1. Just to verify a result, which residue in region 41-51, among those that are of a type outside the set (D, E, K, R) and over 11 Å from the mean Cα position of the chain (by Cα), is most open to solvent (accessible area, probe 1.4 Å)?
2. Would you check if there is a residue in region 65-78 being in contact with a His (Cβ under 7 Å, 6 or more places away or on another chain) and touching a residue at least 24 places away in the same chain (Cβ under 8 Å)?
3. I'm told Q131 meets every condition in (1) within 26 Å of E34 (Cα to Cα); (2) open to solvent by 30 Å² or more (accessible area, probe 1.4 Å); (3) among the polar types (S, T, N, Q) except one. Can you identify the failing condition by its number?
4. I want to confirm something. Restricting to region 114-128 and keeping residues that are of a type outside the set (A, V, I, L, M) and not in a loop (DSSP other than H, G, I, E, B), which single residue is least open to solvent (accessible area, probe 1.4 Å)?
5. Would you pick out the residues in region 109-143 that are modelled with pLDDT of 95 or more and within 12 Å of the chain's Cα centre (by Cα)?
6. Please identify the pairs in which a residue from region 90-113 that is assigned to a helix (DSSP H, G or I) has its Cβ atom under 7 Å from the Cβ atom of a residue that is at pLDDT 90 or above and of a type in the set (D, E, K, R), counting only partners at least 6 apart or on another chain.
7. Give region 52-79 a look and list any residue that's modelled with pLDDT of 90 or more and crowded, with 19+ Cβ neighbours inside 10 Å, or say none.
8. Going by what's in this entry, would I95 be described as among the hydrophobic types (A, V, I, L, M, F, W, C), under 19 Å from F49 (Cβ atoms) and open to solvent by less than 30 Å² (accessible area, probe 1.4 Å)?
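The values are calculated or read from the model by the stated rules, or taken from the named source; none is laboratory data. Keep in mind it's a predicted model, so treat the numbers as computed, not measured. Methodologically, a virtual Cβ is constructed for each residue, glycine included, from the backbone with ideal geometry; neighbour enumeration extends over all protein chains shown. With ligands, DNA and RNA removed, areas are computed over all heavy atoms of the protein, side chains included. Shrake-Rupley method; radii C 1.70, N 1.55, O 1.52, S 1.80 Å.
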Amino acid sequence: NNNEDNSNENDNDDDDDFITVIPHTVPHRDEFSETVGYKIIGPNKSALFIPDINKWTTWKDVDIIQQVSSVDYAFLDGTFYDMNEIEFERDITKIPHPFIIETMKMFEKEDADVKDKIYFIHLNHTNPALQCDKMQESIRRMGFNIAEFGMKFSL
């Protein structure tokens, strides 16, 4: 006598349990392949993930403020804080990531709830926001966040 249930526990017709990932090409060094960011849509929340991009102004036909406003979380390229941190290592003009200070300036007139969605990620080892508590506190006082290892965000 076999009372085994052969139904698959993972079968679920409820689309509310799925996550949708939408890739977007972003302007960045494309000598070997294109660079992408993602919009991730979960059952309850959504996120924008742009870890590596050239200056925001080079992303033609995309309004980054509108993109951030349309999601719950925005994980944005925070590679460099400003142009002063690389002074002897490399020519910063040849590394066109948006500086954290540029991104904060772009969002300075937005409501606090929009700024609070932004988590700077992909910080370079030279970025003072990576290690300096005063710098991190300054960024937070302006309404922004710095992602930390181990953080979890529900979608």
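1. Going residue by residue through region 41-51, those that are of a type outside the set (D, E, K, R) are 41-44, 46-51.
Keeping just the survivors that are over 11 Å from the mean Cα position of the chain (by Cα) gives 41-44, 46.
On the way: I41: 63, G42: 13, P43: 64, N44: 130, S46: 14 Å².
Checking each candidate, the answer is N44.
2. Taking every residue of region 65-78 in turn, at least one turns out to be in contact with a His (Cβ under 7 Å, 6 or more places away or on another chain) and touching a residue at least 24 places away in the same chain (Cβ under 8 Å).
3. Failed condition: (1).
4. First, pick out the residues of region 114-128 that are of a type outside the set (A, V, I, L, M): 115-117, 119-120, 122, 124-128.
Checking the rest, the ones that are also not in a loop (DSSP other than H, G, I, E, B) come to 115, 119-120, 128.
Values: K115: 32, Y119: 32, F120: 1, P128: 44 Å².
The residue in question is F120.
5. Within region 109-143, K117, I118, Y119, F120, I121 qualify.
6. F107/K115
7. Our first condition is that a residue be modelled with pLDDT of 90 or more; within region 52-79, this holds for 63-79.
Listed by number, the residues that qualify are I64, V68, Y73, A74, F75, L76, D77, G78, T79.
8. Details: among the hydrophobic types (A, V, I, L, M, F, W, C): yes; under 19 Å from F49 (Cβ atoms): no; open to solvent by less than 30 Å² (accessible area, probe 1.4 Å): yes.
Judged against the criteria, I95 is not a match.
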